[in-house]
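What follows is calculated from the coordinates using simple rules that are stated; it is not laboratory data. Just so it is clear, the structure is predicted and the values come from calculations on it, not from any experiment. Positions of Cβ are backbone-derived with ideal geometry, glycine not excepted, and every protein chain shown enters the neighbour counts.
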Amino acid sequence: RKWFLQMAVALLLGLAATRPRSVASAHRRAAVRMGLFDALAESMKNDETLGKREGAGLSKEVELKTITWKGPKPDNFWEQQPVSTSQVVPGQKLADVARQSGIPIKYSCMEGHCRVCDVVVDGRRVPACVARCQKKDVTIEYFGSVAPTKAPRKQPPPLPPPPPPPP
């Protein structure tokens, strides 16, 4: 039974499944060879002749910009306005940055026509679905689930009371 367990472990490790004849012969096998995994480990070693590692494919370092997200102002005096920041690369889509940052912006057409996703970027209103990050630090005000230009819907007048039943 012990031999069977040793053989199963040896097969899993890629060793030759031989039964050791003595304790001394088992200790002689010092280096464990794993075949394919040894070749992979050898191919992944760093080559010192290549020199210092540099940015792959980039001619210069990308300068990240900061976006400060300001959420809707709460109605309750005790609540605080949600504010968060994101580090972005200029030219990224604003919708992608908002999604990755967890900013709750509603979208509809994804072409900028419906104006559902409008945000205010440094005082200028733009659709978030087509806008791109600028080459400067900006503050963006988003409106969450409430559109900024919509007025609250008026409630219809109450219905008159029903007429009294006939006698």
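Give the lysines reachable from residue 52 as a straight Cα distance under 22 Å; neighbours fewer than 8 places away on the same chain don't count. Here the lysines satisfying the reach criterion relative to residue 52 are 60.
Between residue 5 and residue 83, the contour length at 0.36 nm per residue exceeds the alpha carbon distance by 22.1 nm.
Here the label points at residue 38 and residue 101, each 7 Å from Cα along the C-beta direction, are separated by 5.3 nm in the simple model.
Which aspartates and glutamates, if any, have their Cα less than 15 Å from the Cα of residue 73, not counting same-chain residues under 8 positions apart? Once the sequence-local aspartates and glutamates are set aside, what remains near residue 73 is 141.
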